Structure formats: structure tokens, C-alpha cells
Amino acid sequence: MSITADTEEAGVDIREYNVLMQVRGREMTGICVMQTEADSSIVGTLITEMGVKIFDFTYSNGKAKVMNVIAPLNKWYIRKVLRQDMEFMIAKGEAMRKKSKREFVQMQDGSFKVNNNRYKIYYTFTPMCEKKQ
């Protein structure tokens, strides 16, 4: 987790994660940056390690929205699954646990996994370490 002094005072929390996304035997790695606003809404982006944006997302009032999706993933059914997975991840699975084939697993080191067993998509979010100067 990385929080700057300027954003702490404003009630903004910025979190950065290394992301591993596994889809039917293929892997994609990247970085996810999420900013929690004072009103508890979340704005985030997922980019590759080379700096190419995969998609942006927002979360407010229990609903997620996926925007600016990279061309190979910009299909309505892929955007729908990504939106539902982001909602599930941010809600930590609490609200959707009974009606979903998804799992949320919290690890001891602060990382967490979201497993979409229906479509065989697995996400692993590992907090990025802060650099001490």
C-alpha cells in the first residue's frame, strides 16, 4: 500500500498491486492502481508492466463500471465478466458469495486472489512494496 502525505489529509487512499491474471492457461501480468476517495468510491486502472493500459474501472454504490478497454478485450461479454469480477473483488465477495461461482481468498502477506471458476479466470493481487529512501 502506498499513501502520500498530501492524499492522507484529503482522505484519499492509493493502493498499488502487482497483478497476475490467468485465463485458460494463458498469463498476463501488470500493475493495478486503485484510489479510494473520501466518499468510498474507487477509481482504478490496470496496466501492463510495459505501460499499456488494459482497462480503467470505477466502483461506487456497489456497482463497478469498466471503461477504456484495450481493443482485443473490448467485447461486450468480456467487459461484462471484467465488470462482475471487479465488483466481486472490491466487495471482497461478501454480497455475491451465494449466487456466484467466484471465490475471494485473502492471504497472510496482504495479497488476495479472486477466482472466477465459471470462466476459469484467476486474478492474484500482490501489494507493491514501498521504497524507503
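Here are a few things to note about the model shown:
- In segment 37-85, the residues that are in contact with a strand residue (DSSP E or B) (Cβ under 6 Å, 6 or more places away or on another chain), open to solvent by 70 Å² or more (accessible area, probe 1.4 Å) and in a helix (DSSP H, G or I): Arg79, Arg83
- Listed conditions (1) under 17 Å from Asn18 (Cα atoms); (2) in contact with a helix residue (DSSP H, G or I) (Cβ under 6 Å, 6 or more places away or on another chain); (3) of a type outside the set (Asp, Glu); (4) at pLDDT below 90 are all met by Gly110, apart from (2).
- Flag if Ser100 is in contact with a Phe, Trp or Tyr (Cβ under 7 Å, 6 or more places away or on another chain), modelled with pLDDT under 95 and surrounded by fewer than 14 Cβ atoms within 10 Å (Cβ to Cβ): no
- Near pairs, Cβ below 6 angstrom, 6+ apart or cross-chain, from segment 56-70 (within 14 Å of Gly30 (Cβ to Cβ)) to any residue that is part of a loop (DSSP other than H, G, I, E, B): Asp56/Asn68
- Any hit, segment 83-91, residues being closer than 19 Å to Thr126 by Cβ and either more than 10 Å from the chain's Cα centre (by Cα) or modelled with pLDDT of 95 or more (or both): no
- Count - residues of segment 38-55 that are touching a residue at least 24 places away in the same chain (Cβ under 8 Å) and more than 21 Å from Met28 (Cα to Cα): 2
The values are calculated or read from the model by the stated rules, or taken from the named source; none is laboratory data. This is a predicted model, so every value here is computed, not measured. When we count neighbours, we look across all protein chains shown, and the Cβ atoms used for this are built from the backbone with ideal geometry, even at glycine. SASA here: full protein model, heavy atoms, side chains in, ligands and nucleic acids out. Shrake-Rupley method; radii C 1.70, N 1.55, O 1.52, S 1.80 Å.
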